[in-house]
Amino acid sequence: MDNDQRPAQSALSGATKTLLGRKSDWIPGFAPFPGGRNLLGPLLIIATFALSALPFLGMLDQPGDDALGLLVGTESILAMSWTFVLAIRTRWSEWLFGGLDRVYVAHRWLGVVAVVLMWWHIQSSNQVTGVPGANPAAAEFGTTLAGIAEPTLYLLVLVSVLRWLPWRLWRLTHKLLIIPFGFAAYHMVTAEKPFGNFSAWGLWFGLVIAAGILGYLIRVVGRDAIWRGSPYRIAELIPHPGAVEILLTPQGRPLSWKPGQFAFLKLQVPGLSEPHPFSIATDPQRPGLRFMVRRLGDWTDQLEDAVAVGDRAFVEGPYGQLRIFPAGSPRRTVWIAGGVGITPFLAALQQLPGTSGQEPPILIHAVRNEDSAHARSEVEAAAAQGRIELHYFDSDAGRPLTEQSLLQELGPSGLRGAHVVLCGPVKMTRWLRRLARRQGAKHVESEIFDLRGGIAPDLSRVIGPQLNRMPLARLLSEARIWLRSGRGPN
């Protein structure tokens with residue numbers, strides 16, 4: 001082999017490995033199956049799909065007609081509309097689904113359903129003897145737009161599912177989904193179908209389309225640009241090994257939250273203005289906010305250099321249904337945190353009584369090494385005061401968290417009958433949830449802190465720095481902040 005070819009082939013091989021990642025990167029994640037009240041959200045969605053099928057049922061057996069093709073086409077529009085409505089991040093959607101993580105799971109799967117149903121619709125003849133939606137010219141134009149909507153939807157959903165794009169580019173492409181939705185909706189309104197546009201069913205589907213457009217406008221224009229959240233300023237940034245601690249002071253009415261909840265942080269800093277969710281690590285009785293931000297990508301890597309004390313920020317929230325404390329009568333409580341997953345439990349420490357004869361919560365903190373044991377002095381002080389029973393697991397010290405080591409630490413009763421709260425890496429949370437169920441835990445609380453979801457490796461640290469070096473990217477970021485804040489670029 002020519003020596004000049006070896007570096008090129010080596011670079012190509014390295015790029016391929018980076019692009020493909022590990023096998024585990026291609027395994028989609030699933031939130032725990034909802035139960036009880038949390039089934040209301042999925043059942044509501046199913047009910048709207050069933051209702052929307054009714055006007056087509058009478059035509060399914062008509063010879064020469066393809067009402068089924070029209071049915072799946074309209075259901076595709078319904079699925080897209082639901083994705084926009086769920087993206088608003090409302091309190092009622094959290095209540096119906098049992099947490100924002102499950103709301104976003106439904107959001108993502110509805111996107112997949114929309115793609116499948118649109119493909120099905122395109123493969124069908126869609127010929128029915130019904131009511132024209134508009135004049136032939138408008139109907140033909142609608143058919144043309146539908147032909148554009150199909151590949152656009154496929155591409156944007158594919159980009160959304162694959163995690164190759166950094167968060168900021170992913171958010172931009174996600175916002176473009178309104179285009180295939182609008183084109184498909186126009187096609188539906190102008191096409192021939194079993195009902196008129198001003199009939200009861202026509203008004204129902206008009207409401208479906210309007211709900212999708214309104215949901216998009218509330219999220220993208222309202223919540224992301226106008227009503228961005230509670231105003232704060234950066235009070236302090238404290239670097240830690242593998243993480244950065246951010247302290248904020250309110251610039252108006254402070255946020256109200258409960259231990260275990262999280263919020264979206266929107267820094268008004270060029271290049272870092274996109275929102276990111278973090279658990280709140282502050283005692284709810286205090287007005288300020290504290291976030292422990294793990295270094296995971298180019299956004300978190302830039303924090304120390306790009307953010308300064310006094311910079312503006314907005315905080316949207318709070319969100320989350322994580323029950324740190326058991327409901328009802330006192331029950332044995334076990335908190336298990338992995339790395340920076342300690343943050344929701346920090347917010348609860350000051351609400352615990354000191355030594356009082358009552359069994360304190362057991363806090364299990366699994367870390368990679370001693371340096372990654374965030375807020376260690378704070379946690380150990382709470383243990384010394386009798387607020388918690390503390391157990392550390394340190395992988396580098398030869399004491400990793402495993403099923404055997406955990407059960408040995410907890411004693412004969414293990415997790416039986418306990419109220420178990422989990423927070424940490426997704427893989428750790430999943431196997432601990434299964435273990436807790438096998439052990440007979442009374443309740444198991446966790447939230448899948450991965451609102452983006454998808455498959456493939458996250459290439460933020462590879463692509464992000466290249467984007468930051470582009471003058472146009474920085475100019476657009478500064479212009480966006482300028483327009484929102486009313487002041488010129490730095």
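The values are calculated or read from the model by the stated rules, or taken from the named source; none is laboratory data. In this text the structure is predicted, and so the values were computed from the model without any measurement. Note: ideal-geometry Cβ built from the backbone for every residue, glycine included; neighbour counts use all protein chains shown.
Residues in segment 202-217 that are surrounded by 15 or more Cβ atoms within 10 Å (Cβ to Cβ) and either touching a residue at least 24 places away in the same chain (Cβ under 8 Å) or within 11 Å of V85 (Cα to Cα) (or both): W204, F205, V208, I209, A211, G212, I213, L214, G215, Y216. In this structure, does R6 turn out to be part of a helix (DSSP H, G or I), modelled with pLDDT under 90, assigned by TED's automatic domain parsing to the domain that holds K193 and among the basic types (K, R)? The answer is no for R6. In segment 13-49, the qualifying residues are those that are at pLDDT 80 or above and more than 23 Å from E447 (Cβ to Cβ), and the one that is nearest to the chain's Cα centre (by Cα) is I46.
Condition check for W92 on (1) out of contact with any Asp or Glu (no Cβ under 8 Å at 6 or more places or on another chain); (2) assigned to a helix (DSSP H, G or I); (3) closer than 24 Å to L60 by Cα: one failure, at (3). Can you find even one residue in segment 104-121 that is modelled with pLDDT under 90, among the β-branched types (V, I, T) and under 30 Å from S256 (Cα atoms)? Scanning segment 104-121, I find at least one residue that is modelled with pLDDT under 90, among the β-branched types (V, I, T) and under 30 Å from S256 (Cα atoms), so the answer is yes.
A single member of Y216, Y186 is of a type in the set (S, T, Y), touching a Phe, Trp or Tyr at 6+ places or on another chain (Cβ under 7 Å) and at pLDDT 95 or above, and it is Y216.
Which one is nearest to S273 (Cα to Cα) among residues in segment 137-172 that are charged (D, E, K, R) and without any contact (Cβ under 8 Å) to a residue 40 or more places away in the chain?
The first filter runs over segment 137-172 and keeps only residues charged (D, E, K, R), leaving 140, 150, 163, 168, 171.
If we keep only those that are without any contact (Cβ under 8 Å) to a residue 40 or more places away in the chain too, we end up with 140, 150.
Working: E140: 42, E150: 32 Å.
That would be E150.
Taking each residue of segment 359-382 that is acidic (D, E) and looking for partners that are surrounded by fewer than 19 Cβ atoms within 10 Å (Cβ to Cβ) and at pLDDT below 90 with beta-carbon atoms closer than 6 Å, six or more apart or interchain, yields D371/P241. In segment 71-89, the residues that are assigned to a loop (DSSP other than H, G, I, E, B) reach residues that are acidic (D, E) with C-beta atoms within less than 9 angstrom, at least six apart or across chains, in these pairs: R89/E316.
The requirement of being buried (at least 21 other Cβ atoms within 10 Å of the Cβ), charged (D, E, K, R) and either touching a Leu at 6+ places or on another chain (Cβ under 7 Å) or free of Cβ contacts under 8 Å to residues at least 60 places away in the same chain (or both) is satisfied by K193.
Just checking, which of G320, G341, G310 is among the small types (G, A, S) and over 20 Å from the mean Cα position of the chain (by Cα)? Working first, answer last.
On the way: G320 fails: over 20 Å from the mean Cα position of the chain (by Cα); G341 fails: over 20 Å from the mean Cα position of the chain (by Cα).
Just one listed residue meets the conditions, G310.
Based on what the data block shows, is E140 among the charged types (D, E, K, R) and in contact with a Phe, Trp or Tyr (Cβ under 9 Å, 6 or more places away or on another chain)? Against the criterion (among the charged types (D, E, K, R) and in contact with a Phe, Trp or Tyr (Cβ under 9 Å, 6 or more places away or on another chain)), E140 does not qualify. Taken together, G206, G202, G229, G260 contain a single residue that is under 22 Å from G339 (Cβ atoms) and at pLDDT 90 or above, which is G260. When segment 285-296 is examined, which residues are found to be buried (at least 18 other Cβ atoms within 10 Å of the Cβ) and closer than 18 Å to G229 by Cα? Scanning segment 285-296 gives L289, R290, F291.
Looking only at segment 405-441, how many residues end up being in a loop (DSSP other than H, G, I, E, B) and either modelled with pLDDT of 90 or more or surrounded by 15 or more Cβ atoms within 10 Å (Cβ to Cβ) (or both)? Write out each step before concluding.
Start the filter on segment 405-441 by keeping residues that are in a loop (DSSP other than H, G, I, E, B), which leaves 411-418, 424-425, 440-441.
Still in the running and either modelled with pLDDT of 90 or more or surrounded by 15 or more Cβ atoms within 10 Å (Cβ to Cβ) (or both): 414-418, 424-425, 440-441.
Adding up the residues that qualify gives 9.
For segment 297-403, please list each of the helices (runs of 4 or more DSSP H) lying entirely inside it that holds at least 2 residues being surrounded by fewer than 19 Cβ atoms within 10 Å (Cβ to Cβ).
Details: elements: 298-306, 343-349, 376-384.
Ranges flagged: 298-306, 376-384.
Looking at segment 213-233, can you tell me whether even one residue there is among the charged types (D, E, K, R), within 26 Å of the chain's Cα centre (by Cα) and outside any helix (DSSP H, G or I)? The answer is yes, given that some residue of segment 213-233 is among the charged types (D, E, K, R), within 26 Å of the chain's Cα centre (by Cα) and outside any helix (DSSP H, G or I). Highlighted here are the helices (runs of 4 or more DSSP H) found entirely within segment 130-199 that include at least 1 residues which are within 18 Å of V72 (Cα to Cα): 136-161, 178-190.
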